[in-house]
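Engineer: Okay, here's the structure, questions in a sec.
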Amino acid sequence: MLEEHDRVVLTDDAADPGPKAGDVGTIVHVHRDGEAFEVEFLSLDGHTAALVTVSSSQVRPVTAADITHARDGWS
């Protein structure tokens, strides 16, 4: 079960414009026993780029096989 402070990967776009599938964020709040999560996405300089609510089906845990990737904003 995912918990606060876990890093997660989006499996579907969260919003348009906004975080896209593959973006990595951190759970900052768990809703309804894990049915949904408030996830914070940071820019590489440490500023909050987005704070969104996503369903549990829109995220998965980060794994050791994942590779981070940089892209410019929400484009």
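The numbers here are math on the coordinates, done by the rules we state, and not lab data. Remember, predicted model here, so these are calculated numbers, not experimental data. Every residue, glycine as well, gets a Cβ built from its backbone with ideal geometry; the counts of neighbours run over all protein chains shown.
Engineer: Toward the positive end of the charge dipole of the chain, about the Cα centre and with charges on Cβ (Lys, Arg +1; Asp, Glu -1), which of MET1, THR48, VAL24 goes farthest?
Structural biologist: VAL24
Engineer: Over the chain, with a Gaussian network built from C-alpha contacts below 10 Å, which listed residue (GLY34, GLY25, GLY46) shows the highest mean-square fluctuation?
Structural biologist: Sorting by GNM fluctuation, first place goes to GLY46.
Engineer: Restricting to Cα pairs below 8 Å that are 6+ residues apart, what does the relative contact order work out to for the range 7-61? Please round to a whole percent.
Structural biologist: Relative contact order for the range 7-61 comes out at 35 percent.
Engineer: Of all GluC sites (Glu not before Pro) in the range 13-64, which ones are in loop regions per DSSP and have a Cβ with at most 11 other Cβ atoms within 10 Å?
Structural biologist: The qualifying sites are GLU35.
Engineer: Still on this structure, please answer the following. Given a Förster radius of 25 Å and the C-beta distance between ARG7 and ASP72 as r, what FRET efficiency does 1/(1 + (r/R0)^6) yield to the nearest 0.05?
Structural biologist: The formula returns an efficiency of 0.70 here.
Engineer: What is the magnitude of the charge dipole of the chain about its Cα centre, with +1 placed on the Cβ of each Lys and Arg, -1 on the Cβ of each Asp and Glu, and no other charges, expressed in debye to the nearest 20?
Structural biologist: 140
Engineer: Note the listed values (1) 24.8, 77; (2) 11.4, 34; (3) 13.4, 41, then indicate which one is Rg and Dmax of the Cα atoms in Å calculated from this particular structure.
Structural biologist: Here the calculated entry is (2).
Engineer: Which length gain, in nm to one decimal place, applies between THR48 and HIS31 when the Cα-Cα distance is subtracted from 0.36 nm times their residue separation?
Structural biologist: 4.1 nm
Engineer: Give me the distance in nm between label points sitting 7 Å out from Cα along the Cα-to-Cβ direction at ARG60 and ALA21, one decimal.
Structural biologist: Simple spin-label model gives 1.1 nm for this pair.
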